Amino acid sequence: MIITGYIGQFYEVSDLPKFFIWGGVSSIFFFHILWVMKKVIDQGKSGIPLEAQNTLNNIWWLFVISWFLYPGAYLMPHLLGVEGAFFNEDGVMARQLTYTIADVSSKVIYGVLLGKVAVILSKAEGYDYEKLSSTY
């Protein structure tokens, strides 16, 4: 997905059909990975506390929203066409800003939410750090 997207960006100025073909190939991988992630998250919700299930639902929606920023960023300079207002330095800057927002939300915020799931599961199994730290 990432490699085919990078290949497509080499053609964004010189050969638009190749740019969109490689973007389409990248999108096939993109949707497959999202489908697999949905399946894994749904399977992971069985047998865990409701709070952890809700957090996993939030993780799924975080993935959907933040991951759809990537194809938007890929297309950013072309949103108004090759001669459009975004096909200049502002479009490139907007692309990088969108990639940064997508990266932070899909990695950092995901990590925080996954940590929350781990804490919930640990407490459900009888390990509560707050209680243990107060006994020492």
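The values are calculated or read from the model by the stated rules, or taken from the named source; none is laboratory data. Fair warning: this is a prediction, and the values are worked out from it, not measured in the lab. We place every Cβ from the backbone using ideal geometry, glycine too, and count neighbours over all the protein chains shown. In case anyone asks, the SASA skips ligands and DNA or RNA and just uses the protein heavy atoms, side chains included. Shrake-Rupley method; radii C 1.70, N 1.55, O 1.52, S 1.80 Å.
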Run down SER46, SER27 and say which single residue is outside any helix (DSSP H, G or I), free of Cβ contacts under 8 Å to residues at least 60 places away in the same chain and not charged (D, E, K, R).
SER46
Of the numbered conditions (1) open to solvent by 40 Å² or more (accessible area, probe 1.4 Å); (2) more than 30 Å from ALA124 (Cβ to Cβ), PHE30 fails exactly one; give the number of that condition.
(1)
Any residue in region 1-18 that's in contact (Cβ under 8 Å) with a residue 40 or more places away in the chain: show its pairings with residues that are of a type in the set (Lys, Arg) and surrounded by 13 or more Cβ atoms within 10 Å (Cβ to Cβ) at Cβ separation under 8 Å, as long as the two are six or more apart or on different chains.
GLY8/LYS18
Inside region 1-30, can you point out the residues that are within 16 Å of TRP67 (Cβ to Cβ) and at pLDDT 80 or above?
ILE2, THR4, GLY5, GLY23, SER26, SER27, ILE28, PHE29, PHE30
Filter the helices (runs of 4 or more DSSP H) completely within region 84-136 down to those with at least 3 residues that are modelled with pLDDT under 95, surrounded by 13 or more Cβ atoms within 10 Å (Cβ to Cβ) and on the phi > 0 side of the Ramachandran plot.
none
